[in-house]
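What follows is a set of notes on a single structure, which appears directly below.
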Amino acid sequence: MEHSTLHWTLDSPKSDNCLRNPLHKQQSLPLRPIIPLVARISDQNASGAPPMTVREKTRLEKFRQLLSSHNTDLDELRKCSWPGVPREVRPVTWRLLSGYLPANTERRKPTLQRKREEYFGFIEQYYDSRNEEHHQDTYRQIHIDIPRTNPLIPLFQQPLVQEIFERILFIWAIRHPASGYVQGINDLVTPFFVVFLSEYVEEDVENFDVTNLSQDMLRSIEADSFWCMSKLLDGIQDNYTFAQPGIQKKVKALEELVSRIDEQVHNHFRRYEVEYLQFAFRWMNNLLMRELPLRCTIRLWDTYQSEPEGFSHFHLYVCAAFLIKWRKEILDEEDFQGLLMLLQNLPTIHWGNEEIGLLLAEAYRLKYMFADAPNHYRR
Amino acid sequence: MAYAYLFKYIIIGDTGVGKSCLLLQFTDKRFQPVHDLTIGVEFGARMITIDGKQIKLQIWDTAGQESFRSITRSYYRGAAGALLVYDITRRDTFNHLTTWLEDARQHSNSNMVIMLIGNKSDLESRREVKKEEGEAFAREHGLIFMETSAKTASNVEEAFINTAKEIYEKIQEGVFDINNEANGIKIGPQHAATNATHTGNQGGQQAGGGCC
């Protein structure tokens, strides 16, 4: 069991357990990856950046030009953002790409002000209803889930941050009764929150104490996170409506796609009776956020927001590329259990921008080859 | 790894009652106070020994939220055992047991062994559900019952192992059709070979029990 050994090394408190009960040493396998805090978030996407190369400087300059021109050329901005957005301009770029901010520079400030007021209007109007009978279940579920969102990052254990997440999710849920709040949506606030927070924070955001920020700053971060998350969810609502048809459809599409692009892996799954739904449900429900370190998700979302239907459609190709990335490890596993443990705990802990860049390039290639050729794609 | 039998389990119950923590304590012997929430279903496994035989447990841990019910339901069918979990510090999680039980009975095979678990027994000061209430519910519905603490590991081994013992006994009694994998039981590779010889000699379903 080569892979379980690999997972074990990532898994700190197990050694004494094995001593306590040597009988179970080989059989007991880790349930989920234990991701060290530092590896999870601290890199150029969320915190203090390494020195810039000339190429990076030129790129940043290009972004600054685009962003400050009277009418930002959104097509051009998407093109530039696809391979990754520099940290310095990511907050404003994300606001533009998500469709939250208008391209016209003069309209941005009043729009922001209006939208932020609108959001806090919702809070005033609805938030008190969280303890009323018809909203009680929704609120209680969110309330239970927030402390379990990013449990290993200190930033998210701060009461102020948890309250922000609760308000965002509750307001979104009651304004979208067709789906309501579904677990997994809580994760989707995180990248926006971290990126908008990074606008005010020079050091590592993961340990930042938000009480250092003014009320106004916190309100802006909260409202912007709400609106950008809402825009994202608008594109994938059928993932969260009754019986989650969007996810069912995408997992099926993933299966079909993989059967075309890597028959060997596909047959390997069939042979050991592994069903795609058993591992890929979470990939779709949480947009791979559970499988990747947060810094990678942020980089991934640069591209998702630059790609037409990034979160709904392109994500499928990213999942396929992600699966095939592990083909060797998959083919090495020769029973159901080993396969499931591997697929649930893929070792992406050290991944950074480079790995995501390669993954996206492969996904793009797959999309190019298969998306526009339905006959080729269909069996 | 050779095993005599493989049993499939499912863990069900309201959100936040400690299903994933029970599984983690059982498979990894550790407790994670703040656990990532389970999305859809997640898988865990461990080998145990009953009556000198190696038994592999494959366990599906399900998300408690109602929204995932359409996904999690499909895992009942192939399960030989179910752990139905509530939180002794939250009365509502106990009140929902009837719904869970109906759901389980409706979607599983009729012989599935169900273990009722009152979890978080370490939080005595916050207890809202008496042990006797759990016992009474279990008696009334024909379930096995235990109070556990995923945090202190109290009764966690027992909960998983006693469920397996019950399944094992049912196999001995010939209640389970072990050749039908939809029952959540599989005969191990070695065992299957022995079994085949027996089948040749004695024929029929008894063979499974006969060789044990």
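None of A:Ser220, A:Ser225 is in contact (Cβ under 8 Å) with a residue 24 or more places away in the chain and closer than 28 Å to A:Trp351 by Cα except A:Ser225.
Yes/no per residue for (1) under 21 Å from the mean Cα position of the chain (by Cα); (2) at negative phi; (3) not charged (D, E, K, R):
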{"residue": "A:His134", "(1), (2), (3)": "no, yes, yes"}
{"residue": "A:Gln141", "(1), (2), (3)": "yes, yes, yes"}
{"residue": "A:Ile144", "(1), (2), (3)": "yes, yes, yes"}
{"residue": "A:Gln157", "(1), (2), (3)": "yes, yes, yes"}
{"residue": "A:Ile164", "(1), (2), (3)": "yes, yes, yes"}
{"residue": "A:Arg167", "(1), (2), (3)": "yes, yes, no"}
{"residue": "A:Tyr181", "(1), (2), (3)": "yes, yes, yes"}
{"residue": "A:Phe196", "(1), (2), (3)": "yes, yes, yes"}
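B:Ile71 meets the conditions (1) within 26 Å of A:Pro177 (Cβ to Cβ); (2) free of Cβ contacts under 8 Å to residues at least 24 places away in the same chain in every case but one. The failed one is (2).
The set of residues in the range A:59-84 that are of a type in the set (A, V, I, L, M) and in contact with a Ser or Thr (Cβ under 6 Å, 6 or more places away or on another chain) contains only A:Leu66.
Considering only the range B:136-193, state which residues are surrounded by 16 or more Cβ atoms within 10 Å (Cβ to Cβ), outside any loop (DSSP other than H, G, I, E, B) and small (Gly, Ala, Ser). Passing the criteria: B:Ala138, B:Ala159, B:Ala164. When A:Phe279 is tested against (1) within 11 Å of chain B (Cβ to nearest Cβ); (2) surrounded by fewer than 22 Cβ atoms within 10 Å (Cβ to Cβ); (3) touching a residue at least 40 places away in the same chain (Cβ under 8 Å), exactly one condition is not met: (2). Just one of the listed residues (A:Leu288, A:Leu232, A:Leu300) is buried (at least 18 other Cβ atoms within 10 Å of the Cβ) and assigned to a loop (DSSP other than H, G, I, E, B), and it is A:Leu288.
The single condition from (1) more than 7 Å from every other protein chain (Cβ to nearest Cβ); (2) over 30 Å from A:Asp238 (Cβ atoms) that B:Arg46 fails is (1).
Would you call A:Arg116 of a type in the set (D, E, K, R), assigned to a helix (DSSP H, G or I) and either touching a helix residue (DSSP H, G or I) at 6+ places or on another chain (Cβ under 9 Å) or in the same structural domain as A:Leu359 (by TED's automatic domain parsing) (or both)? For A:Arg116, the condition - of a type in the set (D, E, K, R), assigned to a helix (DSSP H, G or I) and either touching a helix residue (DSSP H, G or I) at 6+ places or on another chain (Cβ under 9 Å) or in the same structural domain as A:Leu359 (by TED's automatic domain parsing) (or both) - is met. Answer with yes or no whether A:Leu101 is in a loop (DSSP other than H, G, I, E, B), hydrophobic (A, V, I, L, M, F, W, C), more than 26 Å from A:Ala361 (Cα to Cα) and within 14 Å of chain B (Cβ to nearest Cβ). Judged against the criteria, A:Leu101 is not a match. Within the range B:112-141, the set of residues being small (Gly, Ala, Ser) and either touching a residue at least 24 places away in the same chain (Cβ under 8 Å) or touching a Cys at 6+ places or on another chain (Cβ under 8 Å) (or both) comprises B:Gly118, B:Ser121, B:Gly134. For the range A:337-371, the set of residues classified as outside any loop (DSSP other than H, G, I, E, B), aliphatic (A, V, I, L, M) and within 14 Å of another protein chain (Cβ to nearest Cβ) consists of A:Leu339, A:Leu340, A:Met341, A:Leu342, A:Leu343, listed by residue number. For the range A:308-334, a residue qualifies if it is modelled with pLDDT of 95 or more and in a loop (DSSP other than H, G, I, E, B), and the qualifying residues are A:Trp326, A:Glu333, A:Glu334. Checking each residue in the range A:111-129 for being closer than 15 Å to A:Ala173 by Cα and within 27 Å of the chain's Cα centre (by Cα) picks out A:Tyr119, A:Phe122, A:Ile123, A:Tyr127. Within the range B:1-31, the residues that satisfy the criterion of being facing another protein chain (nearest Cβ under 10 Å), more than 24 Å from B:Lys151 (Cα to Cα) and surrounded by 20 or more Cβ atoms within 10 Å (Cβ to Cβ) are B:Tyr3, B:Leu6.
The values are calculated or read from the model by the stated rules, or taken from the named source; none is laboratory data. Since this is a predicted model, take the numbers as computed values, not measurements. Don't worry about glycine lacking a Cβ; one is built from the backbone with ideal geometry, like all the others, and counts go over all protein chains shown.
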